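The values are calculated or read from the model by the stated rules, or taken from the named source; none is laboratory data. Predicted model, so just to flag it, every value in this text is computed and none were measured. With ideal geometry, Cβ positions are generated from the backbone for all residues, glycine too; neighbour counts draw on all protein chains shown. Ligands, DNA and RNA are excluded from the accessible area calculation, which covers all protein heavy atoms including side chains. Shrake-Rupley method; radii C 1.70, N 1.55, O 1.52, S 1.80 Å.
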Amino acid sequence: MNVLKYFAERFGIPESLFDEFGIYAGPKGRVYLGPKKLPDKPDIVSPGLLIARAESAVKPTTNFLQLFGKHATKNIISLSKEQAVSYAKGEDLRIPSENEGYVIVEYSGNFLGCGMLKSGILINQIPKAKRQLVKYI
Amino acid sequence: MPIPKPFRERYKDIVDDPDLFFECIEKLVPKSFRVNTIKSSSNEVKENFEGYGINIKQMPWYSDAFVSDEPNVGSVFEHFLGKIYLQELVSMLPPLVIKNELGDYVLDACAAPGSKTTELAAMMENKGTLIANDISYSRIKALKFNLEKVGALNTLITNQDLRFFPSSLFDSILLDAPCSSEGTVRKNSKLFNIWNEKQIHGHSNLQKQLIVKAFDLLKPGGVMVYSTCTFAPEENEAVVDHLLQKREAKLEKIELPNFKLSPGLLQWHGREYDPQIELVSRVWPHHNDTGGFFLAKVRK
């Protein structure tokens, strides 16, 4: 599965944004975005930013969407301030929507990361280690 | 834990104002953060903090560095988004002093947990190639987490003992060496519970091996910063002096306008150092209200 093609189709993030970078496959379907060329040695543990896990389906990472969400044109869910605080904390949200699948979660021009819409519920995809109690927003 | 007597004895004669120094290191270090310019800008952060009613002070020596009145600065939305990075002020210095000379191929030799690496990635504007190396596999998890949080795309993580790092030629190298960390006592008051002079000598031996190896990984004309967060001359001037004895290295004076740096010691406990050692920089906590630090800028 070509993840850049998926990002373009699903979110409208242009593939040309990544012309200057290299795409690398890691274990368990991990896909990395890094420098165009890698040095021959030493062995590399992690070649750039983990942008997706691509096994049966492509799952974009929150870190990727925080960085490139601003280039997206579709499948973006905009939250209220209260919803953004709940989402950053790791809660699921009720979002009346026919849409299903992975979405970009946004509040006031800030991209919080990845979400999964299913039956009107935005299932939280923020990794546990990144969740945070936001007091100032 | 009060300041141990041997600690006072070691440093009272090499610091300009021992009373101020000892008084300062018993106080908590101010809360500070750096703006992650991969995702944001100083102006955006200033504007947003003003909206929150949190007082922040921009450092006159680094426009991306701020001190905050709110102790819980980690609870701002910008922290969740990776737009700011919580970091001690002195920890921002090593990348800053070679900011304009980094080049395209850069090594952060002892990178975990990645505060300085994330700063280097931002200074390189996410271009070129930055190798973030660390010997400890368990510490690489935190390094990876932090690099991904700031959105670093130009950074490759490696897990090598620097002493056996394969031969390479880097434009610039940051060697922020493992050390006795005396300068972090303002954020870790338990430091003195484990502090002892023996430890200093162990660190010094390893640092001497690391600095020579790092210098060998530098291309001719390249620049390296050797830094520690400790006061011990055995881990600072003596290590740089060791490099000067072993290799044709040139030291350069560090210029950092609006930040007070002090010259290196030319002797310690009866040992005389190379006259070039005067060009290294000590950061005493009471001079800029920071932690303690040491910096040497080395040219090949």
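Structure notes:
- Leading residue by the ranking (least open to solvent (accessible area, probe 1.4 Å)) among those in segment B:192-208 that are assigned to a helix (DSSP H, G or I), farther than 17 Å from B:ALA238 by Cα and modelled with pLDDT of 90 or more: B:PHE192
- Considering B:SER189, B:SER180, the condition of being part of a loop (DSSP other than H, G, I, E, B), in contact with a Phe, Trp or Tyr (Cβ under 8 Å, 6 or more places away or on another chain) and more than 19 Å from B:GLY103 (Cβ to Cβ) is satisfied by B:SER180 alone.
- Here B:ASN133, B:ASN236, B:ASN154 are screened, and the one residue that is under 16 Å from the mean Cα position of the chain (by Cα) and within 14 Å of chain A (Cβ to nearest Cβ) is B:ASN133.
- Flag if A:LEU133 is within 12 Å of chain B (Cβ to nearest Cβ), farther than 30 Å from B:LEU156 by Cα and either outside any helix (DSSP H, G or I) or touching a Lys or Arg at 6+ places or on another chain (Cβ under 8 Å) (or both): yes
- Residue count for segment A:52-94 satisfying the condition of being in contact with a helix residue (DSSP H, G or I) (Cβ under 6 Å, 6 or more places away or on another chain) and facing another protein chain (nearest Cβ under 9 Å): 2.
- Residues of segment B:1-45 that turn out to be open to solvent by less than 40 Å² (accessible area, probe 1.4 Å), among the hydroxyl-bearing types (Ser, Thr, Tyr) and within 20 Å of the chain's Cα centre (by Cα), as a count: 1
- Of the criteria (1) touching a Gly at 6+ places or on another chain (Cβ under 9 Å); (2) on the phi > 0 side of the Ramachandran plot, which one B:GLY114 fails: (1)
- From the list B:LEU251, B:LEU295, B:LEU261, B:LEU244, the lone residue that is free of Cβ contacts under 8 Å to residues at least 40 places away in the same chain, in contact with a strand residue (DSSP E or B) (Cβ under 8 Å, 6 or more places away or on another chain), closer than 24 Å to B:TYR62 by Cα and open to solvent by less than 70 Å² (accessible area, probe 1.4 Å) is B:LEU261.
- Which numbered condition B:GLU252 fails, given (1) closer than 30 Å to B:GLU9 by Cβ; (2) among the charged types (D, E, K, R); (3) out of contact with any Asp or Glu (no Cβ under 7 Å at 6 or more places or on another chain): (1)
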